[in-house]
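The next block holds one structure in the form of structure tokens; read it before the comments.
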Amino acid sequence: MSADFTPKHVSMRTPLGRVKSLGSARSGTQDFFRQRITAIAMILLIIPGIVIIMKLVGSNQATASQTLGNPAVAIIMVLFIVASCWHMRIGMQVVLEDYIHDEKLKLALIIGNHFFCWSVGLASIYAIIKLSSGV
């Protein structure tokens, strides 16, 4: 009678990791999918965005206010800003996580990345709202 001591299923994951279905990074592939979703949104919004921007090149503030006063145009521009800032934040965070090895510096740069992306996005949305309201 021979005893078989080899386990049926050998896993390198911890028991907690198996229960929570998390990978070693504890976050799965959320950033991967979010970056792909924002990329698809930007692809869909880039053509109308370029048309709107090309129409506004060389125009005065009154023309910009009139063009952005159209709710559809303002919504397209705001959606493009949100998608591109979100995409930028995720992309830069991945670069920082991969190439910065000092944990304190990495944390500071990731926090700075979040603040920068929020600042750019909010300032851009504020400009669109201000121009579209004619103020």
Pairwise label distance in nanometres, Tyr99 with Val120, each label 7 Å out on the Cα-Cβ vector: 1.5 nm
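Taking R0 as 41 Å, what's the FRET efficiency between Ser65 and Asp31 from their Cβ-Cβ distance, rounded to 0.05?
Details: r = 38 Å, r/R0 = 0.92.
It comes to 0.65.
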Probe 1.4 Å, accessible area per residue of region 25-135, Å²: 68 Å²
For Leu68, solvent-accessible area (1.4 Å; no DNA, RNA or ligand), Å²: 10 Å²
Pair-distance profile P(r), taking every C-alpha pair of region 77-135, with 5 angstrom steps and integer %: 4, 20, 23, 18, 13, 9, 7, 4, 2, 0
With all protein chains modelled, accessible area of Leu96 [1.4 Å, Å²]: 20 Å²
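May I ask you to compute the full-extension gain from Ser133 to Val51, defined as 0.36 nm times their residue separation minus their alpha-carbon distance, rounded to one decimal in nm? Before the final figure, lay out the partial values.
On the way: separation 82, 0.36 × 82 = 29.52 nm, distance 2.06 nm.
Result for the pair: 27.5 nm of gain on full extension.
Express the carbon and sulfur contribution to the solvent-accessible surface of region 23-111 as a percent, rounded to the nearest whole number, probe 1.4 angstrom.
Working: 4250 of 6070 Å².
Its accessible area is 70 percent carbon and sulfur atoms.
The values are calculated or read from the model by the stated rules, or taken from the named source; none is laboratory data. The model shown is predicted, which means the values in this text are computed figures rather than measured ones. Counting neighbours? That spans all protein chains shown, and the Cβs are built from the backbone with ideal geometry, glycine included. Remember, those area values only see protein heavy atoms, side chains included, never the ligands or the DNA or RNA. Shrake-Rupley method; radii C 1.70, N 1.55, O 1.52, S 1.80 Å.
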